[in-house]
1. So N116 passes all but one of these: (1) over 17 Å from the mean Cα position of the chain (by Cα); (2) modelled with pLDDT under 90. Which condition number does it fail?
2. So how many residues does the stretch 3-46 have that are basic (K, R) and either touching a Cys at 6+ places or on another chain (Cβ under 7 Å) or modelled with pLDDT of 90 or more (or both)?
3. Could you pull out the residue among L101, L118 that is touching a residue at least 60 places away in the same chain (Cβ under 8 Å) and buried (at least 17 other Cβ atoms within 10 Å of the Cβ)?
4. Considering each of R61, R11 in turn, give the residue that is in contact with a helix residue (DSSP H, G or I) (Cβ under 8 Å, 6 or more places away or on another chain), surrounded by 15 or more Cβ atoms within 10 Å (Cβ to Cβ) and basic (K, R).
5. Tell me, which strands (runs of 3 or more DSSP E) wholly within the stretch 27-101 include 3 or more residues that are within 19 Å of Q9 (Cα to Cα) and in contact with an Asp or Glu (Cβ under 8 Å, 6 or more places away or on another chain)?
6. Looking at E28, is it free of Cβ contacts under 8 Å to residues at least 40 places away in the same chain, among the acidic types (D, E) and surrounded by fewer than 17 Cβ atoms within 10 Å (Cβ to Cβ)?
7. Hey, does the stretch 32-41 have a residue that's without any contact (Cβ under 8 Å) to a residue 40 or more places away in the chain, more than 13 Å from the chain's Cα centre (by Cα) and buried (at least 19 other Cβ atoms within 10 Å of the Cβ)?
8. Going by the structure shown, is R11 basic (K, R), in contact (Cβ under 8 Å) with a residue 12 or more places away in the chain and within 27 Å of E106 (Cα to Cα)?
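The values are calculated or read from the model by the stated rules, or taken from the named source; none is laboratory data. Because the structure is a prediction, the values reported are computed rather than measured. So basically every Cβ, Gly included, is an ideal-geometry build from the backbone, and we count neighbours across all protein chains shown.
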Amino acid sequence: MACPYFYPQKRFADKGKHPRLPLGDPYEGLCMADPMRSWRPEESVLRESCNLGYARGKCERFPAGAGPDAIRFSVTGDQNGLLKIFYVSEQNHKAVEYGTLEYSVEEGKLLNAGTNELLHGQVQAYVESYLRRQREPEELAKNPHRR
C-alpha cells in the first residue's frame, strides 16, 4: 500500500532484490500532502513511508484528520493489451474507496482515470512495474547468462 499522497516519478536506480512492494518496485517521487507545495522527500522517507503507506503518525507531512492512509492495487485482468486494475484506498485498514480502472498497454495510458492525478501517477508506476515483471522471464529465457 503506497501513501495516498505520493506521486511516483521514477524507479530507484538500485538493482537489489526488494520485498513485494505496493507499486511493484521502489520509486522516487513527490509528496503531495500539501497540494499547493510539492516536496521531494529524502530517500529514507521515500522507502519507509511514501512507498509503503500507513505513514500517519510517522511522517510529519501526513495530513491530520480524516482521509486515506494507503492505497493498494492489483491486476484483475490482462487480455489483448488491456489491463484491469482494482484499487482500494484504506483508512485504518478498512476500505474507504475502491474501483476498477482500465489501462491500454498499446496506448500506454489509463482509459478511465478521471481527474485524480495522484491515483493516475500511482497506477502508471504500478503498471510499469507489472509489465516489467511480465517481461523478465522472457528476457531471462533469451539471455540466460544475465542471471
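1. (1)
2. Of the stretch 3-46, the ones basic (K, R) are 10-11, 15, 17, 20, 37, 40.
With the extra rule that they be either touching a Cys at 6+ places or on another chain (Cβ under 7 Å) or modelled with pLDDT of 90 or more (or both), the set shrinks to 10-11, 37, 40.
Final tally of qualifying residues: 4.
3. Working: L101 fails: touching a residue at least 60 places away in the same chain (Cβ under 8 Å).
Answer to the check: L118.
4. Working: R61 fails: in contact with a helix residue (DSSP H, G or I) (Cβ under 8 Å, 6 or more places away or on another chain).
Selected residue: R11, the only one of R61, R11 that is in contact with a helix residue (DSSP H, G or I) (Cβ under 8 Å, 6 or more places away or on another chain), surrounded by 15 or more Cβ atoms within 10 Å (Cβ to Cβ) and basic (K, R).
5. Values: elements: 27-31, 70-79, 82-91.
Counting at least 3 such residues, we get 70-79.
6. Values: free of Cβ contacts under 8 Å to residues at least 40 places away in the same chain: yes; among the acidic types (D, E): yes; surrounded by fewer than 17 Cβ atoms within 10 Å (Cβ to Cβ): no.
In short, no.
7. Here is the first cut: in the stretch 32-41, the residues without any contact (Cβ under 8 Å) to a residue 40 or more places away in the chain are 33-41.
Next, from what is left, pick out any that are more than 13 Å from the chain's Cα centre (by Cα): 33-41.
Applying the additional criterion that residues be buried (at least 19 other Cβ atoms within 10 Å of the Cβ) yields 33, 41.
Yes; the residues of the stretch 32-41 include at least one that is without any contact (Cβ under 8 Å) to a residue 40 or more places away in the chain, more than 13 Å from the chain's Cα centre (by Cα) and buried (at least 19 other Cβ atoms within 10 Å of the Cβ).
8. yes
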